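Novice: One structure coming up, written as structure tokens, with questions to follow.
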Amino acid sequence: MTTSIVGWAHTPFGKFDAETVESLVVKVATDALADAGLSAEDVDEIVLGHFNAGFSPQDFTASLVLQADPKLRFKPATRVENACATGSAAVHQGIRAIASGAARIVLVVGVEQMTRTPSADIGRYLLKASYLPEDGETVGGFAGVFGKIAQSYFQKYGDQSDALAMIAAKNHKNGVANPYAQMRKDYGFEFCRAESEKNPYVAGPLKRTDCSLVSDGAAALVLTDSETAKTMGKAVNFRATAHAQDFLPMSKRDILQFEGCTVAWQRALAQAGVQLSDLSFVETHDCFTVAELIEYEAMGLTPRGQGARAIKEGWTQKDGKLPVNPSGGLKAKGHPIGATGVSMHVMSAMQLVGQAPEGMQLNNPKLAGIFNMGGAAVANYVSVLEPAK
């Protein structure tokens with residue numbers, strides 16, 4: 001049974017002292033149902049994606065979605081978590097509920113509030129998404145983990161500082177047109193390439209412009225089966241979904257391969273019956289610019305070690321042969337962890353029905369690919385979306 005997205009909502013991402021996890025959840029849950037033209041009574045199941053790991057004192061958050069409407073009381077509600085892929089884990093859980101026949105309408109919400117956390121604790125909480133026996137003392141937190149990955153990549157394939165700066169500049173430029181993005185400023189290649197007081201090195205060869213933002217925000221989707229979707233005002237269909245989970249310790253795999261990413265893409269493309277070249281655009285997980293670089297290779301856009309070609313030859317620009325992160329990606333849009341995967345699906349659905357913000361909207365896209373990653377290529381989720389016929 002095909003699942004469709006029939007409504008969505010998205011807060012801006014940023015630093016919101018006046019918001020809470022609860023208020024963010026309530027806002028997007030309410031707005032997504034309204035966008036779908038449905039009431040709380042129509043919902044059969046609720047899935048909440050919320051990483052937390054200490055960012056919020058309120059744990060056990062699944063029932064916070066019920067605060068959006070008293071008529072959600074007694075609906076099944078479950079919180080799911082899979083590190084930085086938590087949002088996509090929630091989406092895929094909702095799809096399974098519909099495919100099994102257990103639900104006809106599923107409300108999926110992703111949320112995180114990170115900015116209230118003291119800086120010293122942020123890195124410690126994020127490191128919980130790594131293998132602590134090996135990486136628990138990494139200086140710089142998760143940035144330190146990806147700094148090591150970048151250093152290893154440079155050692156094997158040569159200095160890629162130009163490519164990383166070009167990826168950062170591309171995503172910042174794309175984010176200018178996204179009203180939901182946390183950082184809407186076109187920094188340009190020269191600023192992203194040069195070390196400066198405003199762009200210092202953070203970990204290994206990674207500078208501040210190579211790292212995604214600490215963010216607050218939420219996003220939500222309303223899912224239903226494709227037959228029901230035909231009666232709705234708009235619909236975007238899941239043509240394929242795939243999830244490949246890899247070993248947590250990096251010592252058990254070649255971290256420069258992102259093999260779980262490759263497997264997830266291969267499974268999803270095969271299920272969809274398409275090739276990478278058939279996609280109109282991709283929203284991919286650029287938690288750090290080196291991640292996007294390696295993902296070019298893992299998804300099959302370039303051979304191993306040649307990811308820089310994709311950015312240097314303009315393939316992944318908005319007017320290139322495969323635009324990557326037209327939303328600005330995590331780099332510019334922000335990365336409130338539990339919300340990120342849901343946000344990627346919202347941004348892609350907007351594109352496919354021609355409702356992306358002006359300047360961000362691509363020309364008549366037909367097929368979208370989404371890659372959302374938890375940890376260092378541990379939890380790997382791919383979705384392929386198309387507008388309903």
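Novice: To the nearest 10 degrees, how steeply does helix 259-272 sit against the main Cα axis of the chain, on a 0 to 90 scale?
Specialist: Compared with the principal axis, the helix lies near 40 degrees.
Novice: What percentage of the solvent-accessible surface of the chain, computed with a 1.4 Å probe over protein heavy atoms, is contributed by carbon and sulfur atoms?
Specialist: Within the chain, the accessible surface is 49 percent carbon and sulfur.
Novice: Out of the DSSP beta bridges found with both residues in the chain, what percent are antiparallel (nearest 5)?
Specialist: Looking only at bridges with both residues in the chain, the antiparallel portion is about 75 percent.
Novice: A follow-up question, please. Once you sort the root eigenvalues of the Cα gyration tensor of region 276-322 as a ≥ b ≥ c, which label holds: rounded (a/c under 1.5), prolate (a/b larger than b/c) or oblate (the other case)?
Specialist: Rounded, since a/c falls under 1.5.
Novice: Over region 84-238, what number does the Rg to Rh ratio reach, with both radii from the alpha-carbon atoms and Rh per Kirkwood?
Specialist: A ratio of 1.06.
Novice: Before rounding to the nearest 500, sum -39500 (n - 2.57) across all DSSP H runs of length at least 4 in the chain and divide by the residue total; then give [θ] at 222 nm in deg cm²/dmol.
Specialist: Result for the chain, helices only: -10500 deg cm²/dmol.
Novice: Could you derive backbone 3J(HN,Hα) for region 360-367 from the dihedral phi with the Karplus parameters 6.51, -1.76 and 1.60 (θ = phi - 60°), listing whole Hz in sequence and x where the residue is Gly or Pro?
Specialist: Once rounded to whole Hz, the list reads 9, 5, 7, 7, 6, x, 10, 8.
Novice: Hey, another quick one. How big is the gap, in Å, between the Cα center of region 259-286 and the Cα center of region 1-60?
Specialist: Rounded to whole Å, the Cα centres lie 26 Å apart.
Novice: Around THR231, under 15 Å between beta carbons, what's the net of Lys plus Arg minus Asp minus Glu among the other residues?
Specialist: For residues surrounding THR231, the net value is +1.
Novice: In addition: Could you state the number of Å between the C-alpha centres of region 117-180 and region 362-378?
Specialist: With region 362-378 and region 117-180 each reduced to a Cα centre, they are spaced 19 Å.
Novice: Under 5 Å between amide H atoms, partner at least 5 residues away or on a different chain: which partners does GLU19 have, H built in plane at 1.01 Å?
Specialist: none
Novice: In square angstrom, what is the accessible area per residue of region 220-373 with a 1.4 angstrom probe?
Specialist: With the other protein chains kept in place, region 220-373 gives 32 Å² per residue.
Novice: Can I ask one more? For a quick check: with amide H placed at 1.01 Å from N, whose amide H comes under 5 Å from VAL202's, ignoring anything fewer than 5 positions away on the same chain?
Specialist: Result for VAL202 returns LYS207, ARG208.
Novice: Rg and Dmax of region 209-321, Cα atoms, in Å?
Specialist: In Å, with Rg to one decimal and Dmax whole: 16.6, 50.
Novice: Residue by residue through region 370-383, which ³J(HN,Hα) values in whole Hz follow from phi under the Karplus form 6.51 cos²θ - 1.76 cosθ + 1.60 (θ = phi - 60°), with glycine and proline marked x?
Specialist: Each residue's phi maps through the Karplus curve to give 10, 10, 10, 10, x, x, 8, 6, 8, 9, 10, 10, 10, 10 Hz.
Novice: What does the accessible area per residue of region 1-155 come to in Å², with a 1.4 Å probe and no ligands, DNA or RNA counted?
Specialist: I get 42 Å² per residue for this part.
Novice: Could you tell me which of rounded, prolate or oblate describes the chain, using a ≥ b ≥ c as the square roots of the eigenvalues of the alpha-carbon gyration tensor, with rounded for a/c under 1.5 and, failing that, prolate when a/b is larger than b/c and oblate otherwise?
Specialist: prolate
Novice: Residues with amide H under 5 Å of ASN325's amide H, sequence separation 5 or more or different chain, H placed in the peptide plane at 1.01 Å from N; which?
Specialist: Excluding prolines and chain starts, which carry no amide H, the hits are VAL282, GLU283, THR284.
Novice: Further question: Show me, for region 200-214, the HN-Hα J-couplings you get by feeding each phi into the Karplus relation (A = 6.51, B = -1.76, C = 1.60, θ = phi - 60°), rounded to Hz, glycine and proline as x.
Specialist: 3J(HN,Hα) across region 200-214, in whole Hz: x, 5, 9, 7, x, x, 8, 9, 4, 6, 8, 10, 5, 8, 7.
Novice: While we're looking at this one, here's another question. Greater than 22 Å separation of Cα atoms is the criterion. Which listed pairs, LYS170/LYS389; LYS71/LYS333; LYS148/LYS321; LYS128/LYS148; LYS207/LYS331, meet it?
Specialist: LYS170/LYS389; LYS71/LYS333; LYS148/LYS321
Novice: Output the antiparallel fraction of DSSP beta bridges having both residues in region 275-389, as a percent to the nearest 5.
Specialist: 65
The values are calculated or read from the model by the stated rules, or taken from the named source; none is laboratory data. Treat the numbers as computed from the prediction; the structure is a model and nothing was measured. No Cβ is skipped: glycine too gets one built from the backbone with ideal geometry, and neighbour counts run over all protein chains shown. In case anyone asks, the SASA skips ligands and DNA or RNA and just uses the protein heavy atoms, side chains included. Shrake-Rupley method; radii C 1.70, N 1.55, O 1.52, S 1.80 Å.
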